[in-house]
Amino acid sequence: MVAGVKKLGEELELDMVEIDCEFNTDNMFGTHMRCAAHSLQLAVKDALRAANCNAILDKARRLVIAARTPSVINLLKGLKKPMPIKDVPTRWGTVFQMLERLIELKETLVPLTDASLTEDEWMAIEVLKTSLVPTYKLGLDLQSKDLTPGSFFALWRGAMRHLDECGSALSLFLSDAMRRRGSVLFSNNVLLAGIYVDPNYRLALNPEQVRKGRETFINICVHLQKLKKEQHIRNTSSTEVVVSKSKKWYKFSGFLSRSLCYNPSNNIWHSC
């Protein structure tokens with residue numbers, strides 16, 4: 001994000017432009033950014049608890065434990081079948097992986113283990129697995145090295161849309177939990193600024209998010225320029241600051257004056 005903003009500042013040619021006001025950077029950038037992947041897993045945990053899925057999950061775990069005995073494992077190897085997976089609380093996505101593998105091995109495990117499930121229970125496991133698909137895929141997408149604030153925003157909203165379309169009780173609980181957790185994530189001003197500067201996703205922001213994103217972006221640009229001016233003063237023997245008069249700067253300066261007004265009482269920009 002910082003590198004991206006620096007690049008924006010260079011493209012706007014904000015070199016050595018005099019700024020007559022000080023900025024409160026502590027308030028400008030807001031609170032720290034929460035981990036999106038962790039927030040997602042907390043939303044999944046909230047939804048599983050709210051949907052009362054513990055009973056069926058416990059039965060699925062007992063079946064997995066029964067299928068991981070040496071005798072059953074040897075039989076599975078002889079049949080060239082994959083091994084059952086047991087979920088681990090500290091490993092994200094393993095609940096989905098456990099259910100998906102159980103369904104894959106259903107026809108093989110039923111005659112091999114005593115911890116069998118009824119057809120209704122197998123159907124419940126299928127519904128749970130289907131409901132967890134959007135959040136599992138989102139968890140993988142959040143690991144992308146090319147993830148941007150805008151694409152993250154779109155992926156999060158897309159997962160909630162798929163959950164709403166699924167229509168199961170768990171998917172609706174998941175969507176609601178993601179909406180609550182997401183409201184905290186997307187209250188971060190710097191993240192909103194990153195989404196605001198991406199024209200592909202800016203239209204998806206609500207008016208309040210647009211206002212916060214725009215103000216934060218402009219404050220970041222102006223603050224970066226202030227740092228450049230201070231660096232220039234330190235590196236030159238002259239006390240004069242060379243003011244860039246490029247067309248790009250005047251265009252951006254006009255954008256600043258049209259979009260925001262500076263309030264000297266609290267050292268922040270606000271919408272005019």
Single residue of segment 199-215 satisfying the filter (of a type outside the set (S, T, N, Q) and surrounded by fewer than 19 Cβ atoms within 10 Å (Cβ to Cβ)) that is farthest from TRP156 (Cα to Cα): ARG211
Among residues of segment 137-161, those that are crowded, with 17+ Cβ neighbours inside 10 Å and over 13 Å from the mean Cα position of the chain (by Cα), counted: 0
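Tell me the residue from SER151, SER171, SER183 that is within 19 Å of LEU40 (Cβ to Cβ) and free of Cβ contacts under 8 Å to residues at least 24 places away in the same chain, please.
Result: SER183 is the single residue among SER151, SER171, SER183 that is within 19 Å of LEU40 (Cβ to Cβ) and free of Cβ contacts under 8 Å to residues at least 24 places away in the same chain.
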Long-range neighbours under 6 Å by Cβ, at least six apart or interchain, first residue under 27 Å from PRO199 (Cβ atoms) within segment 217-243, second open to solvent by 40 Å² or more (accessible area, probe 1.4 Å) and modelled with pLDDT of 80 or more: PHE217/VAL197
Residue among LYS86, LYS137 that alone is modelled with pLDDT of 95 or more and of a type in the set (Lys, Arg): LYS137
Yes/no for LEU79 being aliphatic (A, V, I, L, M) and open to solvent by less than 60 Å² (accessible area, probe 1.4 Å): no
Any hit, segment 114-128, residues being over 17 Å from ILE56 (Cβ atoms), free of Cβ contacts under 8 Å to residues at least 60 places away in the same chain and not small (Gly, Ala, Ser): yes
Yes/no for ILE195 being among the hydrophobic types (A, V, I, L, M, F, W, C) and under 18 Å from the mean Cα position of the chain (by Cα): yes
Residue match in segment 168-182 (condition: of a type in the set (S, T, N, Q) and either within 10 Å of the chain's Cα centre (by Cα) or assigned to a loop (DSSP other than H, G, I, E, B) (or both)): yes
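The values are calculated or read from the model by the stated rules, or taken from the named source; none is laboratory data. Predicted model only: the values in this text are computed from it and were never measured. Using ideal geometry, Cβ is built from the backbone for each residue, glycine included, and neighbour counts are taken over all protein chains shown. These accessible areas exclude ligands, DNA and RNA; they are computed on the full protein's heavy atoms, side chains included. Shrake-Rupley method; radii C 1.70, N 1.55, O 1.52, S 1.80 Å.
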